[in-house]
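The values are calculated or read from the model by the stated rules, or taken from the named source; none is laboratory data. A quick note: this is a predicted structure, and the numbers were derived from the prediction, not measured. Note that we place each Cβ from the backbone using ideal geometry, even for glycine, and neighbour counts take in every protein chain shown. Heads up: the accessible areas ignore ligands, DNA and RNA and are worked out on the full protein's heavy atoms, side chains in. Shrake-Rupley method; radii C 1.70, N 1.55, O 1.52, S 1.80 Å.
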Amino acid sequence: MKTMYGRQFATMVGMVLLSFLMLGASFATLSYQYTIREKKDTLERNARYIAQFTSDSVESGGKLVWQTPAFQKYLSSVAKVSDSHVMVATPEGVIVYATSGSADLIEFQYAELSPATVASIVDGSRVGMDQLDGLYREPRYLVGLPITNDKGYLQGLVLVSASASNISGVWRDLSGILLVTALAVVLIAAIISSVTSMRQSQPIKEIAAAARQFGLGRLDVRVDVGSRRDEVGELAEAFNAMADSLAKSEQRRSEFIANVSHELKTPMTSIAGFADGILDGTIPPDQERHYLQIISSETRRLSRLVRSMLDLSRLQSDERAAQQQFDLCETLVRALVTLEGKVNAKRLEVDAQLPQDEPVPVWGDQDAITQVCYNLLDNAIKFSQEGGVLGLGVSVKGAKATVTISNQGETIPPGEQQLIFDRFHKTDHSRSADRDGVGLGLYIVKTILNSHKETISCVSEDGVTKFIFTMTRA
């Protein structure tokens, strides 16, 4: 019984069986006691009637009333109706008449009861199972009462006994009915428990089998939930959701490795080709400096790629962004000052729409948001046209502060405006303009803002491209 099915089945059957045993024992005990009490009350009632009738008959007809046919017929009727033995004895304990209703008990005629038995009948304590001084071979349920007149004078004894087998027979019949009922209920409970246990354990077996398939690398396996809406169904749905997430993660991992391989392959091929050309003399000595500069540029590009990947790994490993209060406008201006050389090199005009003499405090990780501003400004400068306008603005509405960074250049196609935030994504027009880029800047921006529970969007129309992100006000 190591399986959940076996344990649940055994538990259910055991509980039903134990419940019926306890109920059966209680019912049998109560029914037996009720039957004994009912039989005792009946015998005592009949004995009192006989004693009263005998006393009245003695008072009116003399001491030998038990010899009259009317008296004997009365005793016989009582014995027959109650299915018992009725005996009348003298005050000294001599049985003068005994009947079973269907026949007179001649063998008991003139039998003498012991003084102890007579004394127990006189004081009214002769009740219970008894062989009546050996007159009966087996114990019978016996009630004995004295026959007295109104003055308390002892006129005789009356004894009424019933077979114990009748009482035991009733108890056996009740026990038999209870046993059959218990077996039927246990059988039904076993069938129901078997079906329900199988229904509950089957999805878990399927989940275990799917998990083993996962271990073998098959991420397309799913568990059939069907119409189940219970806890097991929720478990299966959660497992399928986890499987979908793992499959997507594996797909992203494969795409990431493919992109990294592609990004590393190009500069390494250039470095190896030009280095071999210089070493084997294919490249003329007067051009070696030019190609060494290309090798140096590609080496720095590899360094930036590795550094960006390390930054991305660090950002993705952080569970939540650090929360501190800082001025968003000041952070944006500091990032712009850092890029002053690139702005001047392209002769860009900066159009800053910032709140005048009023800070905009927000909550977040200041270092991470500084990197967001730097990456967006660097990207805007890189793809701006010569002498264009670089716009940056901060606006406040409700609980949010909105930052807008724009540039004048080529329009990003609508189908690619959401793809630019993916890892290593580059539009065709940007590859020639951004040979030094590694395609991770905007993905890092989106990752940082996601960790802050903030949003970022891109709008590109008529040669003007805007990046808009939000921050929570402090």
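Applying the condition of being within 60 Å of the chain's Cα centre (by Cα) and either modelled with pLDDT of 80 or more or open to solvent by 50 Å² or more (accessible area, probe 1.4 Å) (or both) to the range 138-172 and asking which residue is farthest from Gln52 (Cα to Cα) yields Arg172. Search the range 96-115 for residues being closer than 18 Å to Ala162 by Cα and among the polar types (S, T, N, Q), and hand back the single one that is surrounded by the fewest Cβ atoms within 10 Å (Cβ to Cβ). Top of the filtered list is Ser102.
Residues in the range 353-374 that are surrounded by fewer than 21 Cβ atoms within 10 Å (Cβ to Cβ) and touching a Cys at 6+ places or on another chain (Cβ under 9 Å): Leu354, Pro355, Glu358, Pro359.
If you go through the range 278-302 and keep only what is open to solvent by less than 40 Å² (accessible area, probe 1.4 Å) and either over 20 Å from Leu264 (Cβ atoms) or among the aliphatic types (A, V, I, L, M) (or both), you end up with Ile278, Ile283, Ile295, Leu302. Residues in the range 375-387 include at least one that is without any contact (Cβ under 8 Å) to a residue 40 or more places away in the chain, of a type outside the set (A, V, I, L, M, F, W, C) and either open to solvent by less than 50 Å² (accessible area, probe 1.4 Å) or touching a helix residue (DSSP H, G or I) at 6+ places or on another chain (Cβ under 7 Å) (or both).
Restricting to the range 79-95, what's the tally of residues that are surrounded by fewer than 19 Cβ atoms within 10 Å (Cβ to Cβ) and either under 24 Å from Val122 (Cα atoms) or modelled with pLDDT of 90 or more (or both)?
At the first step, the residues of the range 79-95 found to be surrounded by fewer than 19 Cβ atoms within 10 Å (Cβ to Cβ) are 80-83, 91-92, 94.
Of the ones still in play, those that are also either under 24 Å from Val122 (Cα atoms) or modelled with pLDDT of 90 or more (or both) are 82, 91-92, 94.
Total meeting the criteria: 4.
Out of Glu298, Glu288, Glu255, Glu250, one residue alone is acidic (Asp, Glu), at pLDDT 75 or above and under 30 Å from Ala209 (Cα atoms). It is Glu250. Yes or no: Lys39 modelled with pLDDT under 75, outside any helix (DSSP H, G or I) and not hydrophobic (A, V, I, L, M, F, W, C)? Here the answer is no, as Lys39 does not meet what is asked.
Ala184 meets all of the listed conditions (1) open to solvent by 90 Å² or more (accessible area, probe 1.4 Å); (2) without any contact (Cβ under 8 Å) to a residue 24 or more places away in the chain; (3) closer than 30 Å to Thr29 by Cα but one, namely (1). Taken over the range 42-77, the residue count meeting the criterion of being at pLDDT 85 or above and of a type in the set (Val, Ile, Thr) is 0. When the residues of the range 121-137 are filtered to those that are closer than 18 Å to Thr42 by Cβ and among the charged types (D, E, K, R), the one that is surrounded by the fewest Cβ atoms within 10 Å (Cβ to Cβ) is Asp130. Scoring Val118 on the criteria (1) touching a residue at least 24 places away in the same chain (Cβ under 8 Å); (2) under 21 Å from Arg48 (Cβ atoms); (3) open to solvent by 60 Å² or more (accessible area, probe 1.4 Å) leaves a single failure, condition (3).
Ala238 is checked against (1) closer than 18 Å to Lys205 by Cα; (2) at pLDDT below 70 and fails just one. What number does that condition carry? So the condition that Ala238 fails would be (2). Within the range 303-334, the set of residues being assigned to a helix (DSSP H, G or I), buried (at least 17 other Cβ atoms within 10 Å of the Cβ) and modelled with pLDDT of 90 or more comprises Leu328, Cys329, Thr331, Leu332. Residue pairs whose Cβ atoms lie under 8 Å apart, separated by 6 or more positions or on different chains, with the first residue in the range 188-199 and open to solvent by 60 Å² or more (accessible area, probe 1.4 Å) and the second of a type outside the set (A, V, I, L, M, F, W, C) and modelled with pLDDT of 75 or more, do not occur. In the range 220-246, the residue that is nearest to Thr11 (Cα to Cα) out of those that are surrounded by 16 or more Cβ atoms within 10 Å (Cβ to Cβ) and in contact (Cβ under 8 Å) with a residue 24 or more places away in the chain is Val232.
Any idea which of Val158, Val96, Val88, Val81 is more than 18 Å from Ser57 (Cβ to Cβ) and outside any loop (DSSP other than H, G, I, E, B)? If you could, list the steps in order and put the result at the bottom.
Numbers: Val158 fails: more than 18 Å from Ser57 (Cβ to Cβ); Val96 fails: more than 18 Å from Ser57 (Cβ to Cβ); Val88 fails: more than 18 Å from Ser57 (Cβ to Cβ).
So the residue among Val158, Val96, Val88, Val81 that is more than 18 Å from Ser57 (Cβ to Cβ) and outside any loop (DSSP other than H, G, I, E, B) is Val81.
For the condition outside any helix (DSSP H, G or I) and without any contact (Cβ under 8 Å) to a residue 24 or more places away in the chain, what is the one hit in Gly124, Gly101? Gly124 is the lone residue from the list that is outside any helix (DSSP H, G or I) and without any contact (Cβ under 8 Å) to a residue 24 or more places away in the chain.
Residue-level analysis places Arg7 outside the set of residues that are modelled with pLDDT of 75 or more and either open to solvent by 60 Å² or more (accessible area, probe 1.4 Å) or not in a helix (DSSP H, G or I) (or both).
So, in the range 353-362, of the ones that are touching an Asp or Glu at 6+ places or on another chain (Cβ under 9 Å) and in a strand (DSSP E or B), which residue ends up nearest to Arg473 (Cα to Cα)? So the residue we want is Val362.
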